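Heads up: the structure comes next, in structure tokens.
The values are calculated or read from the model by the stated rules, or taken from the named source; none is laboratory data. Everything numeric in this text was worked out from a predicted model, so none of it was measured. FYI the Cβ positions are ideal-geometry reconstructions off the backbone, even for glycines, and counts take in every protein chain you see.
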Amino acid sequence: MRLVLRVFAIVHAGFAAAFAALSLLLLIIAVRTSWTAVAGGSLDASAGVALIEAMGLLAVAVVALQVAQTIAEEEVVREAHVSAPTRVRRFLSRFIVVVAIALAIEGLVATMKALHEDMTQLPHAASAVVAVAALIAAWGIFVRLNRFAEDIEPEAMEQAKAEDRKLD
């Protein structure tokens, strides 16, 4: 069984590396998009839209990098297995916060694009922002309900803290 778990850790490390590499590629594309928008010399509405698109790319790049970090920390360094309520809450909280921030930025990018290019797309952009609010509300409910489960298993919190020391 240890061999199987080691293989899973190696595969997870590969996924983390792939997410990190894709994050860097998205960063390069965002920088290039920004440079192209500004290098023309005319800082007009089209340059603003290009810069807003670059922000959206950066948001996705941050999400990819955070996913890489989470996978590396949780599955490779700690070799933690998401089973205890504390571990589930911590793992999902890290992921949901990053995704919610990226989706909020994407919603703002979509809103700005809709305002400057096509107002008929504004309801779609607004629905993305509403979805972010719903995601954050659902996450809050999950954290609250999960907290009660942690009270039943206090040793899980101690185990999670012990696993955190592996990162020091």
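Side notes on the structure shown:
- Yes/no for Ser23 being farther than 26 Å from Ala114 by Cβ, buried (at least 17 other Cβ atoms within 10 Å of the Cβ) and either among the polar types (S, T, N, Q) or without any contact (Cβ under 8 Å) to a residue 12 or more places away in the chain (or both): yes
- Flag if Gly48 is in contact (Cβ under 8 Å) with a residue 40 or more places away in the chain, within 24 Å of His124 (Cα to Cα) and surrounded by 17 or more Cβ atoms within 10 Å (Cβ to Cβ): no
- Segment 63-75 residues that are within 8 Å of Val98 (Cβ to Cβ), paired with ones that are of a type in the set (Ser, Thr, Tyr) (beta carbon under 9 Å, 6 or more apart): Val63/Ser23; Gln66/Ser23; Val67/Ser23
- Filter pass, Gly140 being part of a helix (DSSP H, G or I), under 23 Å from the mean Cα position of the chain (by Cα), farther than 28 Å from Ala54 by Cα and modelled with pLDDT of 85 or more: yes
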